[in-house]
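Novice: Here it is, the structure in full.
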Amino acid sequence: MANGHRWLTQVTGGGCALGALMAAFAATTDDPLLAATAATATYTVAAEVAAERAAGPGSFAVALLDSLATLNPQELTEKVVLR
């Protein structure tokens, strides 16, 4: 995957949030690789959307939560970059 944003490394709890998202996705399938990939794609695309709205790492953290709450399947499909 080639999505994400550098501010992910500058906010506290980013990795923990991704882990929680992976756990939620894992509850929906018997394929752990699919769950981890889908969760990471969702998280990194949401980060890119959040960065477009944010002025810096502080507002990015809040915008990331908003992006995760409002990201829809169509937007995810359009923006995810799988390699």
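Novice: What pairs come out if I take residues in the range 1-15 that are closer than 10 Å to Ala46 by Cβ and surrounded by 17 or more Cβ atoms within 10 Å (Cβ to Cβ) and pair them with residues that are at pLDDT 95 or above and of a type in the set (Lys, Arg) whose C-beta lies under 8 Å away, six or more apart or interchain?
Specialist: Asn3/Lys79
Novice: Looking at (1) modelled with pLDDT under 95; (2) assigned to a helix (DSSP H, G or I), which one does Thr12 not meet, given that it meets all the others?
Specialist: All conditions pass for Thr12, except number (2).
Novice: Within the range 25-60, count every residue that is under 22 Å from Val81 (Cα atoms) and part of a helix (DSSP H, G or I).
Specialist: 25
Novice: Sticking with this one: Would you please name the residue that is surrounded by the most Cβ atoms within 10 Å (Cβ to Cβ), looking only at residues in the range 40-83 that are hydrophobic (A, V, I, L, M, F, W, C), within 18 Å of Ala17 (Cα to Cα) and free of Cβ contacts under 8 Å to residues at least 24 places away in the same chain?
Specialist: Ala63
Novice: Consider Ala26 against the criteria (1) within 21 Å of Ala2 (Cβ to Cβ); (2) free of Cβ contacts under 8 Å to residues at least 40 places away in the same chain; (3) out of contact with any Lys or Arg (no Cβ under 7 Å at 6 or more places or on another chain); (4) buried (at least 16 other Cβ atoms within 10 Å of the Cβ): it satisfies all of them except one. Which criterion is unmet?
Specialist: Failing condition for Ala26: (1).
The values are calculated or read from the model by the stated rules, or taken from the named source; none is laboratory data. Quick caveat, the model's predicted, so the values are computed rather than measured. Virtual Cβ from ideal backbone geometry, glycine too; neighbours counted across all protein chains shown.
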